[in-house]
Amino acid sequence: MSTPLPIVRTTQALRQQIKAWRRDGDLIALVPTMGALHEGHLDLVRLALRQSKRVVVSIFVNPTQFAPTEDLSRYPRDEAGDAEKLARTGCSLIWAPTPDIMYPSGFATRIIPAGVADGLETDTRPQFFGGVATVCCKLFSQVTPDIAVFGEKDYQQLCVVQQMVRDLDLPLGIVAAPTTREADGLAMSSRNAYLSPDQRTAAPALFRIMTELASQLKAGGSIHDVTTAARQQLNAAGFAKIDYVEIRNAKTLAPPIAGTDVPLRLLVAAWLGTTRLIDNITL
Ligand code: AMP
């Protein structure tokens, strides 16, 4: 058993601790999460620890980024298990505000990101990045970290946060962490817990098909042909519904312009039963 971690639930107690660390000249990193932590989250903490003495992990299942039809009430929660994992990893403090601390009665301000937030995720989840940007902005104000670490697993989200920090001159650096995968290639995700045994067996096809698409594109295949083939393969592998299979400019997330040589990213969102999986790779 490792020493239990402080779990802080009021902004006052949080600010007191941050102030004490600042007095000692410690650098502070923030890793925002929604809990139900897996190795991917812990890799973000390990990366943060390489750059900062103090790592705050926030655990907050943010209601404003869920649509009424989405999985807010059944989203997995395991604070005791999370605290145990974080203590072992070297995290300094858990910031776990309740919804009424985060959104007290009368709360009425929302950040509305555009640019990289347009399309892809927002084609089917229009409310999503407004909720993410607003809660991240609040987390940054509460914790005042030197850096915040985000996973490339949620690539468009990472781009949205980077853009918000630039646009609003927020005084912190955003660090991107590579995606942590299971041995069979499936990107780790708290939502993988929803998969039935059969769906879990089918799920690694997503990363395999994405990797094949990357090779076909490199071998000279056209974007239209390789994405069409990938959609068919995903359907055959059991992904009955596909939200998108898109190749985009890795920086702007705009569709690539033929003949230009810019870094590209493949982004996919597809459903196995009632579970939506997203993944992305560099091309
Ligand atoms: P979540 O708790 O799912 O909202 O994720 C919290 C943070 O962990 C986000 O920055 C995610 O991008 C990141 N994350 C989630 N899964 C992974 C993974 N498999 N590899 C790396 N980062 C991840």
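The values are calculated or read from the model by the stated rules, or taken from the named source; none is laboratory data. Nothing here was measured: the structure is a model prediction, and the numbers come from that model. Neighbour counts are summed over all protein chains in view; Cβ atoms, including those assigned to glycine, are modelled from backbone coordinates with ideal geometry. Please note that ligands, DNA and RNA were not included when accessible areas were found on the heavy atoms of the full protein model with its side chains. Shrake-Rupley method; radii C 1.70, N 1.55, O 1.52, S 1.80 Å.
Points worth noting:
- Note on the range 20-54: residues that are of a type in the set (Lys, Arg) and in a loop (DSSP other than H, G, I, E, B) amount to 1.
- The set of residues in the range 175-205 being open to solvent by less than 20 Å² (accessible area, probe 1.4 Å) and either modelled with pLDDT under 95 or in a helix (DSSP H, G or I) (or both) consists of Ser190, Ala205.
- Of the residues in the range 103-114, not one is over 15 Å from the mean Cα position of the chain (by Cα) and either closer than 23 Å to Glu182 by Cα or within 15 Å of the ligand (Cβ to nearest atom) (or both).
- Qualifying residue in the range 65-78 (condition: free of Cβ contacts under 8 Å to residues at least 60 places away in the same chain, open to solvent by 70 Å² or more (accessible area, probe 1.4 Å), among the hydroxyl-bearing types (Ser, Thr, Tyr) and more than 21 Å from Ile174 (Cβ to Cβ)): yes
- Summed over the range 176-231, residues that are among the aromatic types (Phe, Trp, Tyr) and away from the ligand (no atom under 16 Å from the Cβ) total 0.
- For the range 90-107, the count of residues that are open to solvent by 20 Å² or more (accessible area, probe 1.4 Å) and aliphatic (A, V, I, L, M) is nonzero.
- Val55 aliphatic (A, V, I, L, M), more than 30 Å from Asp24 (Cα to Cα), open to solvent by less than 40 Å² (accessible area, probe 1.4 Å) and within 16 Å of the ligand (Cβ to nearest atom): no
- Unique match (being near the ligand (Cβ under 10 Å from one of its atoms), within 29 Å of Gly25 (Cβ to Cβ) and of a type outside the set (A, V, I, L, M, F, W, C)) among Gly151, Gly173: Gly151
- Filter pass, Leu14 being in a helix (DSSP H, G or I), away from the ligand (no atom under 12 Å from the Cβ) and touching a Gly at 6+ places or on another chain (Cβ under 7 Å): no
- The range 139-156: number of residues that are open to solvent by less than 40 Å² (accessible area, probe 1.4 Å) and outside any strand (DSSP E or B): 8
- Single match in Leu168, Leu213, Leu266 (criterion: open to solvent by less than 70 Å² (accessible area, probe 1.4 Å), under 30 Å from Gln51 (Cβ atoms) and not charged (D, E, K, R)): Leu266
- If the condition is being within 12 Å of the ligand (Cβ to nearest atom), open to solvent by 40 Å² or more (accessible area, probe 1.4 Å) and hydrophobic (A, V, I, L, M, F, W, C), then the range 28-52 contributes no residue at all.
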